[in-house]
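Encoded as structure tokens, the structure appears first; notes follow it.
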Amino acid sequence: CSSDLLLPAIDRFRREFPHVSVAVHRMLASQIPDELMLRTFELGMISFRPDPAQFRTIAVYADSLAFIVSPNHPLAGAERVSINDLGKEVFIAHNVTSPLRRKAIEAFQRYRTPLNMDVELPTIEAIKRFVAMGNGVALVPHLTVARELETGDLVRVPVDELEMKRVLRLAHRRQATLSYAARAFLRTVRTLAKEQGPPFYYQVERTA
């Protein structure tokens, strides 16, 4: 999930501040702004910008959409394919709506290509395993399959018409006075971005 990208920052933070407890909770992104307002937690990670009057957002990671297949799939050896070549593929979809999913559906409609989402699964992890078994193809955030692409369990095939980016952000209530721990964590994220560079970065987004 998208919180995985925070693991290097959490690792460093724990080394520097071993006395501070860290708890990462998973939930629907659409619920995060409400939970921030309820002060359930101080920082949330989302891929969209909530109301800038209510929330301060910091862009920390630039991710892209990946078209993935199993190593044995006929398209696995292709250097690049067109979206029009994907009309007969069975797509394994995530049954949670997201901005990336909507953009992908719109792209297939725009290029008048059928999008056969015959299988929907509840987690990205399940989608990855199902595709690796040879059961169709999928569109997932690159971040979520980086490990499998390195090991060769999955293959990413570039599709020009599906070159989509998403920005992951840390958000907190604009009126909130962040705790010492939260401020220290943001400093850790900023330092990590400075040292490692893209796709990590640290940019406070303007209100306008």
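The values are calculated or read from the model by the stated rules, or taken from the named source; none is laboratory data. Just so it is clear, the model here is predicted, and its values are computed rather than measured. Here the Cβ positions follow ideal geometry from the backbone for every residue, glycine too, while neighbour counts run over all protein chains shown. With ligands, DNA and RNA removed, areas are computed over all heavy atoms of the protein, side chains included. Shrake-Rupley method; radii C 1.70, N 1.55, O 1.52, S 1.80 Å.
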- Note on the structure: With every protein chain kept in place and a 1.4 Å probe, region 19-159 has an accessible area per residue in Å² of 55 Å²
- Along region 108-124, what does the Karplus equation 6.51 cos²θ - 1.76 cosθ + 1.60 (θ = phi - 60°) give for ³J(HN,Hα), rounded to whole Hz, x for Gly and Pro? 5, 5, 5, 9, 6, 10, x, 10, 8, 9, 7, 10, 10, 10, x, 9, 5
- When we measure straight from the Cα of residue 128, which aspartates and glutamates land under 19 angstrom away, once same-chain ones fewer than 8 places off are left out? 4, 63, 89, 118, 120, 148, 150, 153
- If you build a Gaussian network model of the chain, linking Cα atoms that sit under 10 Å apart, which residue out of 18, 71, 50 swings the most? 18
- Message: Please enumerate, by chain and number, the lysines with C-alpha under 18 Å from the C-alpha of residue 103, excluding those fewer than 8 residues away in the same chain.
- Response: 165
- Quick calc: nm separation of the 7 Å Cα→Cβ label points for residue 118 and residue 84 -> 2.4 nm
- Note on the structure: Between the modelled labels at residue 129 and residue 21 (7 Å from Cα along Cα→Cβ) the distance in nm is 3.1 nm
- List, in order, the whole-Hz ³J(HN,Hα) value for each residue of region 147-155 obtained from phi through the Karplus relation with A = 6.51, B = -1.76, C = 1.60 and θ = phi - 60°; use x for Gly and Pro. 5, 5, 5, 5, 7, x, 5, 9, 10
- Item | Full-extension gain in nm, residue 153 to residue 49, via 0.36 nm per residue minus C-alpha separation | 34.1 nm
- Chain lengthening between residue 205 and residue 180 when straightened (0.36 nm per residue, less Cα-Cα): 6.8 nm
- Can you work out the FRET efficiency for the pair residue 75 and residue 191, with r the C-beta to C-beta distance and R0 = 35 Å, to the nearest 0.05? 0.30
- Ranked highest first by average number of other Cβ atoms within 10 Å, how do 174-185, 126-137 line up? 126-137, 174-185
- Kindly give the semi-axes, whole Å and largest first, of the ellipsoid equivalent to region 78-193, taking each as the square root of 5 times a Cα gyration tensor eigenvalue. 33, 17, 14
- Message: Apply the Karplus curve 6.51 cos²θ - 1.76 cosθ + 1.60, θ = phi - 60°, to the phi angles in region 35-52 and return the couplings in whole Hz, x for Gly and Pro.
- Response: 5, 5, 5, 7, 6, 5, 8, 8, 10, x, 10, 9, 10, 10, 9, x, 3, x
- Query: For Cα Rg over 2.2 N^0.38 Å, which listed value, (i) 0.98; (ii) 1.11; (iii) 1.02, comes from the coordinates shown?
  - Reply: (ii)
